[in-house]
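Asker: Below is one structure. I have some questions about it.
The values are calculated or read from the model by the stated rules, or taken from the named source; none is laboratory data. Just so it is clear, the structure is predicted and the values come from calculations on it, not from any experiment. So basically every Cβ, Gly included, is an ideal-geometry build from the backbone, and we count neighbours across all protein chains shown.
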Amino acid sequence: MILLIENVKEQDNTYKVLFCRMCNVGFTVPFPSQTDLSSLYSAGTYRSVNGKRFIAMVETGIYLARILRKKRIENYIGKGRILDIGCGRGTFLNIMKQNGWTVAGTEYDQIAAGSIAKKYNLHVVSGNPKDWRFLPGSFEVVTMNHVVEHMTDPERAIDECSRLLIKGGLLVVAVPNIKSLQSVFGKHHWFHLDIPHHLFHFSEEGLLRLLEKYNFRLLKVRRFDLEHNPFGWLQTLLNITGIRKNFLYNTLKNSPSRNRSLSSGSKRNLLATIFLIPFYFPIALLLSLFESYVLKMGGTVEIYAAKS
């Protein structure tokens, strides 16, 4: 076990990341209590009650990204039953439903789950894997898009995915890559670190090893994601510059979330951000392409695997 990142100050607490060289996975220390986690993910805190977190322009981009995800999944399985673990705003499941899929979702907070279910007329359950109560072999596809790093027991979650999938079923898991160039360069400034929300910090090797342990066979690894990688670099560069941490990201949130995140002193940060974006964005795009396709260590990694 080695100390990977230290002195991450969030919400009046100081955290660090310990990294296990044997399993290639990092751990947030101290580990938030169950009470802390309930507070972190309560409706209206992590995202608005209706599931949306950002201004309309960003939400449109997210919607288009979900359509592309649908197309990637349908390259493997044309239609069927799909479970989206940590379904968030519910947009992806609604897209799948409109295209002939039988859908279900999970969301940690009960109020958020109920709101999403009502908005799109979806079957959404709340809580941890032990609370979901789906039957074995219920789905052809299970997706976890930047979710497993939030879970208190990732192994239990992957094991549950194996139980819920039919033989040959598709599992799609996306996580930030703790061994990416972004992470190594940014350290505690790295945008995708997101402590204390992220409890575990996966490398590509660590995630693959976990999937293999629970009878999954690798189909494909995507190391570049236009939705996450360039912005990860951009916000990391802005953080390193000395602008308030994740200022741009918080500015792009919807009004209630933005007002909670931003306070006095925002004018100087805003001017600096506006000035630096034209310089930093091309650099961020080039770096994200370089780390993904040359180094093969993308800032995020998305793995497609089949249940053996």
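Asker: Could you run through the stretch 215-240 and say how many residues are modelled with pLDDT of 95 or more and either farther than 19 Å from residue 69 by Cβ or in a helix (DSSP H, G or I) (or both)?
Answerer: 13
Asker: Please go through the stretch 285-308 and pick out each residue that is buried (at least 22 other Cβ atoms within 10 Å of the Cβ) and free of Cβ contacts under 8 Å to residues at least 60 places away in the same chain.
Answerer: Of everything in the stretch 285-308, nothing turns out to be buried (at least 22 other Cβ atoms within 10 Å of the Cβ) and free of Cβ contacts under 8 Å to residues at least 60 places away in the same chain.
Asker: Taking the condition touching a residue at least 24 places away in the same chain (Cβ under 8 Å), over 19 Å from residue 58 (Cβ atoms), among the aliphatic types (A, V, I, L, M) and touching a Phe, Trp or Tyr at 6+ places or on another chain (Cβ under 6 Å), does residue 77 pass?
Answerer: no
Asker: Is there a residue in the stretch 247-266 that is at pLDDT below 95 and β-branched (Val, Ile, Thr)? Reasoning before the result, please.
Answerer: Step one: of the stretch 247-266, the residues at pLDDT below 95 are 247-266.
Next, from what is left, pick out any that are β-branched (Val, Ile, Thr): 251.
Checked against the condition, which is being at pLDDT below 95 and β-branched (Val, Ile, Thr), the stretch 247-266 yields at least one hit.
Asker: Only one of (1) in contact with a Pro (Cβ under 8 Å, 6 or more places away or on another chain); (2) farther than 22 Å from residue 216 by Cβ is not met by residue 109, so which one is it?
Answerer: (1)
Asker: If you don't mind, another one. Residue under question is residue 239, and the condition is that it be crowded, with 23+ Cβ neighbours inside 10 Å, out of contact with any Pro (no Cβ under 9 Å at 6 or more places or on another chain) and among the polar types (S, T, N, Q); does it hold?
Answerer: Here the answer is no, as residue 239 does not meet what is asked.
Asker: Right, another one. Going residue by residue through the stretch 270-286, is there one that turns out to be farther than 30 Å from residue 165 by Cβ, in contact with a strand residue (DSSP E or B) (Cβ under 8 Å, 6 or more places away or on another chain) and either part of a helix (DSSP H, G or I) or aromatic (Phe, Trp, Tyr) (or both)?
Answerer: The answer is no, given that none of the residues of the stretch 270-286 is farther than 30 Å from residue 165 by Cβ, in contact with a strand residue (DSSP E or B) (Cβ under 8 Å, 6 or more places away or on another chain) and either part of a helix (DSSP H, G or I) or aromatic (Phe, Trp, Tyr) (or both).
Asker: Does the stretch 146-185 hold any residues that are closer than 17 Å to residue 222 by Cα, of a type outside the set (A, V, I, L, M, F, W, C) and touching an Asp or Glu at 6+ places or on another chain (Cβ under 8 Å), and which are they?
Answerer: Within the stretch 146-185, 176, 177, 179, 180, 182 qualify.
Asker: Can you tell me which residue within the stretch 133-147, out of those that are in contact with a helix residue (DSSP H, G or I) (Cβ under 9 Å, 6 or more places away or on another chain) and either part of a loop (DSSP other than H, G, I, E, B) or among the aromatic types (Phe, Trp, Tyr) (or both), is surrounded by the most Cβ atoms within 10 Å (Cβ to Cβ)?
Answerer: Ranking the qualifying residues of the stretch 133-147, first place goes to 139.
Asker: Determine if the stretch 100-115 includes at least one residue that is of a type in the set (D, E, K, R) and surrounded by fewer than 20 Cβ atoms within 10 Å (Cβ to Cβ).
Answerer: So far as the stretch 100-115 goes, no, none of its residues is of a type in the set (D, E, K, R) and surrounded by fewer than 20 Cβ atoms within 10 Å (Cβ to Cβ).
Asker: Let me ask something else about it. Determine, yes or no, whether residue 130 is out of contact with any strand residue (DSSP E or B) (no Cβ under 9 Å at 6 or more places or on another chain), of a type outside the set (Val, Ile, Thr) and surrounded by fewer than 21 Cβ atoms within 10 Å (Cβ to Cβ).
Answerer: Criteria met by residue 130.
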